[in-house]
Amino acid sequence: MWKGDSKTILHLDLDSFFVSVERLHNSALEAKPVLVGGTSSRGVVASCSYEARRFGVHSGMPMRTAMQLCPEAIVIKGDSSRYSKYSTIITEIIKEEVPLFEKPSIDEFYADLSGMDRFFGCYKLASEMREKIIRETGLPISFGLSTNKTVAKVATGEAKPNNRLEVPKGTEKPFLAPLPVKKIPMVGQKTSLLLNRMGIKHIYTLQAMPIEVMEKAMGKSGSSIWLKANGIDTSPVVAYQERKSISLERTFQKDTTDVQKLDTLIVAMAESLAFQLRQGDKLTACVTVKIRYSDFNTYTLQKRIPYTSNDDKLLAISKELFEKLYERRLLVRLIGLRFSHLVGGGHQINLFEDSAEKIRLYQAMDRMRKRFGSNAVKRAKTLESNGLGRANPFNGMAPAIMAHRRQ
């Protein structure tokens with residue numbers, strides 16, 4: 001029942017992306033343990049070099065712990081503008097080379113190469129594209145090639161650093177079998193520990209179990225893990241849409257020139273949309289403010305920015321654009337805010353914040369909103385701005401929030 005048309009799926013992943021970009025700009029970092037993230041003792045590791053990983057350091061670890069494990073490490077504060085620039089260059093290269101690709105985060109890509117064997121040979125095409133990326137950016141990149149997204153992603157992990165690996169059709173199960181269960185995409189640390197307690201340490205143990213056992217033990221996620229362990233994944237490559245966006249608009253019952261009211265509303269909108277980004281683990285690279293005056297003339301102003309989902313940064317940029325756009329002598333009928341050029345990978349970029357406490361504060365605020373409702377936590381300034389939709393647009397559209405795609 002798992003049979004279907006055979007596909008050829010490519011997974012590309014930049015090796016220690018943030019560290020590699022920093023090394024392009026400072027060759028003295030080559031072959032040294034490097035940590036990218038918050039630079040204070042209360043910061044968090046966003047990325048680390050392979051030299052640092054040998055000491056047990058990993059992303060998401062408190063910087064203080066990482067420095068205890070690897071005292072010689074060089075710590076660098078993340079520069080999202082640099083990483084955004086290189087991510088865009090690589091995206092353009094892939095766009096030129098393949099007909100269908102997906103960009104789940106700023107340093108990771110899937111491409112559907114099905115049917116291209118008759119023209120080029122998929123492995124040759126993938127290899128030439130990888131060489132072009134390395135040649136034009138100077139960044140190391142690995143890829144895995146197989147019949148589905150899961151096996152291709154695992155293959156990339158096994159190919160790293162800076163290498164390539166193909167898992168041909170029919171060899172998916174034996175390829176996965178000897179690997180530890182934590183190698184399965186969607187199996188995090190907690191799930192891995194749970195499986196280990198069940199006596200499941202390697203994928204071959206999962207492959208030998210009936211799917212019903214995993215379903216009974218872990219519900220739907222158990223059956224999903226079983227399928228992936230057996231090299232079965234029917235999820236498609238979702239075409240990357242650069243201009244996908246989320247937005248909010250408010251039309252006033254009575255046209256206004258109340259600057260404080262307008263300023264408060266922009267802050268509330270930015271706060272709401274930033275929350276939506278974090279809910280969907282998304283980042284924005286473009287902020288647009290829209291104003292419609294009482295004469296129905298409509299004006300917009302936008303700004304490209306480094307990828308972020310940080311409240312403070314998005315509030316400041318939104319207010320800056322509003323102040324540049326607003327003609328204070330004219331009555332305002334409508335005001336709107338849009339975040340566009342969205343990609344995944346929000347968690348990793350947000351680790352550039354110096355303060356681990358600030359990261360935890362955002363996480364706590366978001367948890368309270370999810371549990372007690374969208375208005376459970378608000379800035380004092382926005383207490384009067386009711387009615388802004390905060391349902392997650394990445395899990396179905398809310399009336400006040402729309403996802404736009406380039407036509």
Between LYS190 and LYS85, the two model label points (7 Å from Cα along the beta-carbon direction) sit apart by a distance in nm of 3.9 nm
Region 231-260 scanned against label point 7 Å out from PHE296 along Cα→C-beta; backbone N under 16 Å for 252, 255
When VAL151, VAL98 are arranged by how many other beta-carbons sit within 10 Å of their Cβ, fewest first, they go VAL98, VAL151
If each part is reduced to its alpha-carbon centroid, region 61-130 and region 308-343 end up apart, in Å, by 30 Å
Cα-Cα longer than 32 Å, checked against LYS228/LYS303; LYS85/LYS220; LYS149/LYS319; LYS182/LYS282, kept in input order, equals LYS228/LYS303; LYS85/LYS220; LYS149/LYS319
Env charge @ HIS202, Cβ radius under 11 Å, K,R +1 / D,E -1, value +3
The correct pair for region 170-240, radius of gyration to one decimal and Dmax as a whole number, both in Å and from Cα atoms, is 12.0, 39
So GLU136 and THR39, fully extended at 0.36 nm per residue minus their Cα-Cα distance, gain in nm 31.9 nm
Taking 0.36 nm per residue of separation between ARG367 and GLN207 and subtracting their Cα-Cα distance, the length gained on full extension comes to 54.0 nm
Expressed in nanometres to one decimal, the distance between label points 7 Å along Cα→Cβ at LEU331 and SER127 is 7.0 nm
Residues other than SER318 with Cβ under 12 Å of its Cβ, Lys/Arg counted +1 and Asp/Glu -1, net out at 0
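Only the coordinates and a few stated rules stand behind these numbers; no lab work does. Fair warning: this is a prediction, and the values are worked out from it, not measured in the lab. Cβ atoms come from the backbone with ideal geometry, glycine included; neighbour counts cover every protein chain shown.
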